[in-house]
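Each value in this text was obtained by applying a stated rule to the coordinates, not by laboratory testing. These figures come from a predicted structure and were not determined experimentally. Positions of Cβ are backbone-derived with ideal geometry, glycine not excepted, and every protein chain shown enters the neighbour counts.
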Amino acid sequence: MTDPYDWLQHSLLTIHRADWYRSVQTIHGLPGATVVLGGEEVINFASNDYLGLAGDERLIAAAVVATQEFGTGSTGSRLLSGHRELHGELERAIASLKQTEDALVFSSGYLANIGAIAALVGKRDLILSDQYNHSSLKNGAILSGATVIEYSHCDVTELKTQLHQQRQNYRRCLILTDSVFSMDGDLCPLPALLDLAEEFRCMLLVDEAHATGVMGATGAGCVEHFGCTGRQLIQIGTLSKALGSLGGYVAGSHTLIDYLRNRSPSWIYTTGLSPADTAAALAAINIIRQEPQHLMQLWQNVNYLRTLLLELPNLKLLPSASPILCFQLPSAAEALQVGKQLKQAGIFAPAIRPPTVPTSRIRISLMATHKTTHIEKLAAVLNGI
Ligand code: PMP
């Protein structure tokens, strides 16, 4: 009889052979535009902390005070012993930022996506999903039991054809899309998606994980960026990127939020967000609203780096309209090699490989706290590779 766990080792070997093996790298100290990685200080282009708030002393102080006042854990589901006034305050702040009637906070963005999707559609329903959507949207779709059809990335014409052919065969239809695509940096065609959703009586769920605090004049996200505030849709986001904390949210109508509180398994059957995470996210939203200079600085950095990278003729830069800038490499091995060369030069910008993405690349994410010298060094090192 063979060992029933033998296959794990074989599977790992296959992953190694394809150059797809992954392992963790330890960061020491506070997160920031520079971090200590493997004992060396490197410029950090690998973080989703777009506004540099994860190490901000005001978020840290808010988390400490909330922990002292309310304890480390929230001790139960929000529907049992886990609800605090702080949760309500954060939900009102998110709804106010997004200009929606209401919001609901989950323990992570991943849980918000799978919980909302599984609550909104089931076996008799159809999901149409962009092929480059985040794993949490894809797995939420599978979990829901609905029929899932992926449409080509941002292809509104193909989506419309699918709607013409399929819509009438299903009870409800849900269109799923990232607003900023996390591994490419481009944006979904939101106004056209909203028009199609209205025309075919579909719900539209937009994942604003990389857009919250980043896109739009006030950092409310791509819905604001595209001038779609107030239109009917379901917005999901995370508290873990520009908001520097941990957790996720759904923002939308009172009815939607009330329904999710009653029907979303990953909200009902999990412990409420910790007081520290809740307070830190609330402090971040207050900073975003009162100090627009962080958002302005982030975009100055994005535009400066984009200008410098466009001057490098051999760099295959992917189209991007966000602080995520990626360039393609012919293979996973070459992406790993470039990632290594960057690290040797004091720059942390990781290789992203299949199966996460269809083609290997280096992913650069900008922060408001990057200095001009950091950006110029990245461009100079890439020019020499
Ligand atoms: N959606 C997208 C587009 C993401 O990039 C991520 C995080 N990588 C998530 C959802 C999940 O968010 P969280 O980290 O809060 O679980």
Looking only at LEU80, LEU90, LEU13, which one moves most when the chain is put into a Gaussian network model with springs between Cα atoms under 10 Å? LEU13
Are there GluC sites (Glu not before Pro) in region 85-136 that DSSP puts in a loop and that have at most 14 other Cβ atoms within 10 Å, and which ones? GLU101
Could you work out which residue, out of GLN300, GLN235, GLN25, moves most in a Gaussian network model of the chain, that is, has the largest mean-square fluctuation with Cα springs under 10 Å? GLN25
Using r as the Cβ-Cβ distance of ALA61 and LYS377, and R0 as 25 Å, what FRET efficiency do you calculate, to the nearest 0.05? 0.20
List the cysteines of the chain that have no other Cys Cβ closer than 4.7 Å: which are they? CYS154, CYS188, CYS222, CYS228, CYS326
Fluctuation leader among LEU187, LEU342, LEU12 - the chain, Gaussian network, Cα springs under 10 angstrom: LEU12
Placing each pseudo-label 7 Å from Cα in the direction of the beta carbon, GLN232 and LYS160 end up separated by a distance in nanometres of 2.2
Distance in Å, no decimals, from the C-alpha centre of region 82-103 to the one of region 313-377 is 35
With the 8 Å Cα cutoff and a minimum separation of six or more residues, the chain has a relative contact order in percent of 23
How much of the DSSP beta bridge set in region 57-290 is antiparallel, as a percent to the nearest 5? 40
Semi-axes a, b, c in Å (a largest) for the chain, each sqrt of 5 times a Cα gyration tensor eigenvalue, come to 32, 27, 23
List the lysines whose Cα sits under 30 Å from the Cα of LYS241, skipping any in the same chain fewer than 8 residues away. LYS98, LYS138, LYS316, LYS340, LYS343, LYS371, LYS377
